Amino acid sequence: MRRLLPALALLVLLAGCGGSDGDGGSGKAEALSPGTPIEMKSLRFKPATVQVPVGQEITWHNDESVPHDVEANDGASFSSETFGKDGTYKWTPDKAGTVKYECTLHPGMEGEIDVVAK
């Protein structure tokens, strides 16, 4: 039993590191209003899937005490520095398409941006 406790603790920790799409499981993109940030909260991006028009600036805001970053891994090329509580990162898409991104510090903390033509 003593050997199982550290393994169980690790599993519980990993289970809390993202993985949810943050929109109740529907997978549907939420239209992101100008000036409304994507929150970094509970080791998740909220909302995890957003839709924006080409040219609309996107802001990520760290709402928690752990550091985060934002890095595109498909459909675009951007990468932030690591930033702490109340820090932000901004990026403006210049073409339509799907952009997948992640926090490289927290495996499973992933998001998606559906960039649509104006």
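The set of residues in the range 6-41 being of a type in the set (D, E, K, R) and modelled with pLDDT of 90 or more consists of GLU30, GLU39, LYS41. Do we have any residue at all in the range 62-71 that's in contact with a Pro (Cβ under 8 Å, 6 or more places away or on another chain) and surrounded by 15 or more Cβ atoms within 10 Å (Cβ to Cβ)? Looking for residues that are in contact with a Pro (Cβ under 8 Å, 6 or more places away or on another chain) and surrounded by 15 or more Cβ atoms within 10 Å (Cβ to Cβ), one finds none in the range 62-71, hence no. Of the numbered criteria (1) of a type outside the set (Gly, Ala, Ser); (2) modelled with pLDDT of 95 or more; (3) in contact with a strand residue (DSSP E or B) (Cβ under 7 Å, 6 or more places away or on another chain), the one ARG44 fails is (3). Filtering the range 86-96 for residues that are assigned to a strand (DSSP E or B), modelled with pLDDT of 95 or more and surrounded by fewer than 15 Cβ atoms within 10 Å (Cβ to Cβ) leaves a non-empty set.
Of all residues in the range 37-64, how many are in a strand (DSSP E or B) and of a type in the set (D, E, K, R)? Count: 4.
The values are calculated or read from the model by the stated rules, or taken from the named source; none is laboratory data. Bear in mind the structure is a predicted one, so any value in this text is a computation, not a measurement. No Cβ is skipped: glycine too gets one built from the backbone with ideal geometry, and neighbour counts run over all protein chains shown.
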